[in-house]
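Note sheet for the following structure.
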Ligand code: NAD
């Protein structure tokens, strides 16, 4: 009996997790039954007919819940009333931050996989939704900053005078930060970047930006390449250095995160108040509490003539591009899961599983129970 997968629309998010091209591979290559909600691709001008041609069947939301073994969506979009016991959910649930939203899955004996928990290894690269979305968010952050900022990015030498290039400071040089640097450099900006990880320095410099360093960072071999929280002394030194660089920046793009923790506070109110009027801050860590003391997720704030835009899912503003990448990520995961499901210790499935049939399996939650 082939598995039935239901694809849901995500209210308030124009991104779609599976496009007709990948649905065709699911029904053909993987021989899965696919149900989809009418209008699934309407935010991307994709007709239901394209999903039907790919072999999927159009069903109401209610019927999808009733008839699917697995439900895929971008994030949490379900109410308890809708859920059927024992179903499997695949999405980007940000469970370490939104743990309060997990109770309904538990009550319904659900099995839940969250793609944002996949390790950042070569094996998981094709399913790495964090990298896909971070890369687009970094690009979009620069485009947004360019729109809001009242100056120009490159140097202009004209008969009427010279306009100096914009100065941009990027905080956090991971996937989003590096894409922001590359985009800003292409537009002619002068870019500085800071990251606690020394290894980011080489990548920053290779993109033509200056790397700002604070001495004394302690790396952790167990952190899988991610940043770890630092000593108070280091944080103090870092704050001072960043403060001094913020003063001379016209635009700050902050992307610094520590998985499962509140985002590090890097831009204090005093720094914002010392910036030039007209400066712009884009805070991509806003959902995790923000890198800027004043930012609020999905809000634009004006503080002392500095515009602060907090947004952690800017990729949703370019939904066609985002959906193309997501669709490949989701397809790769479903294909991988189908093959590896029988192996109890598979590294990717173990890492991305939050719970199995209502029982916590992810160490973050099983530890809390001890
Ligand atoms: P992230 O979103 O967790 O954080 C963004 C950046 O913020 C990181 O570079 C981090 O070091 C930095 N940061 C954290 N605290 C900071 C602070 N106090 N001040 C300044 N910067 C701070 O990171 P990410 O973009 O998801 O990347 C995480 C790691 O995973 C990186 O090492 C990246 O190279 C690696 N990665 C590997 C693969 C792969 O396939 N092998 C794919 C993607 C990412």
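Every number here is computed from the coordinates shown, using simple stated rules; none is lab data. The shown structure was predicted, so the numbers you read here are calculated from the model rather than taken from an experiment. Don't worry about glycine lacking a Cβ; one is built from the backbone with ideal geometry, like all the others, and counts go over all protein chains shown.
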Can you report the principal axis dimensions of segment 1-77 using only the alpha carbons, biggest first, rounded to whole angstrom? 34, 23, 18
Pairwise FRET efficiency - residue 218 versus residue 158, Cβ, R0 = 41 Å, nearest 0.05: 0.25
Considering only DSSP beta bridges with both partners in segment 43-181, what is the antiparallel share in %, to the nearest 5? 30 percent
In deg cm²/dmol and to the nearest 500, what is the mean residue ellipticity at 222 nm of the chain if only DSSP H runs of at least 4 residues count, each as -39500 (n - 2.57), divided by the residue total? -10000 deg cm²/dmol
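Can you give the FRET efficiency to the nearest 0.05 for residue 261 and residue 53, using r as the Cβ-Cβ distance and R₀ = 35 Å?
Values: r = 45 Å, r/R0 = 1.29.
Given R0 = 35 Å and the Cβ-Cβ separation, E is 0.20.
Would you mind putting 168-180, 323-335, 260-272 in packing order, based on average other-beta-carbon counts within 10 Å, highest first?
With the highest mean Cβ count within 10 Å placed first, the list reads 168-180, 323-335, 260-272.
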Principal-axis tilt of helix 319-340 within the chain, Cα atoms, nearest 10 degrees: 50 degrees
Can you put 15, 197 in order, fewest other beta carbons within 10 Å first? 197, 15
So between residue 350 and residue 364, what do we pick up on full extension, going 0.36 nm a residue minus the alpha carbon distance? 3.8 nm
State the Cα centre-to-centre distance between segment 30-47 and segment 265-334 in whole Å. 30 Å
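List the relative contact order of the chain as a percent without decimals, with contacts defined as Cα pairs under 8 Å and 6+ residues apart.
Values: 748 pairs, mean separation 64.4, N = 370.
That works out to 17 percent.
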DSSP-defined beta bridges in segment 262-370 - what % are antiparallel, rounded to 5: 60 percent
In nanometres, what is the gap between the two model label sites at residue 232 and residue 305, each 7 Å from Cα along Cα-to-Cβ? 3.8 nm
Under a crude label model (7 Å from the Cα following the beta-carbon direction), how far is residue 107 from residue 66 in nanometres? 2.2 nm
PRE reach from residue 147 (point 7 Å along Cα→Cβ): which of segment 168-199 fall under 18 Å by backbone N? 180, 183-184, 187
Relative to the first principal axis of the alpha-carbon coordinates of the chain, what is the inclination of helix 129-148, with its axis defined by its Cα atoms, in degrees from 0 to 90 and to the nearest 10? 40 degrees
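If the chain between residue 210 and residue 297 were fully stretched, how many nm would it gain, using 0.36 nm times the residue separation less the Cα-Cα distance? Please list the in-between numbers first.
On the way: separation 87, 0.36 × 87 = 31.32 nm, distance 2.85 nm.
Using 0.36 nm per residue and subtracting the Cα-Cα distance, I get 28.5 nm.
Tell me the relative contact order for segment 205-326 as a rounded percent, counting alpha carbon contacts under 8 Å between residues six or more apart.
Normalised by residue count, the contact order of segment 205-326 is 18 percent.
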Relative to the longest principal axis of the chain, what angle (0 to 90°, nearest 10) does the C-alpha long axis of helix 232-247 take? 70 degrees
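Ranking request for peptides 280-291, 25-36, 356-367, 239-250: highest mean number of other beta-carbon atoms within 10 Å first, then the rest in descending order.
On the way: 280-291: 25.3, 25-36: 18.7, 356-367: 14.1, 239-250: 16.9.
Highest to lowest by the protection proxy: 280-291, 25-36, 239-250, 356-367.
Hey, with R₀ at 56 Å, roughly what FRET efficiency would residue 269 and residue 339 work out to, going by the Cβ-Cβ distance, to 0.05? Walk me through the numbers before you get to the answer.
Working: r = 51 Å, r/R0 = 0.92.
My answer for the efficiency is 0.65.
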Taking every DSSP bridge whose two residues both lie in the chain, the antiparallel percent to the nearest 5 is 25 percent
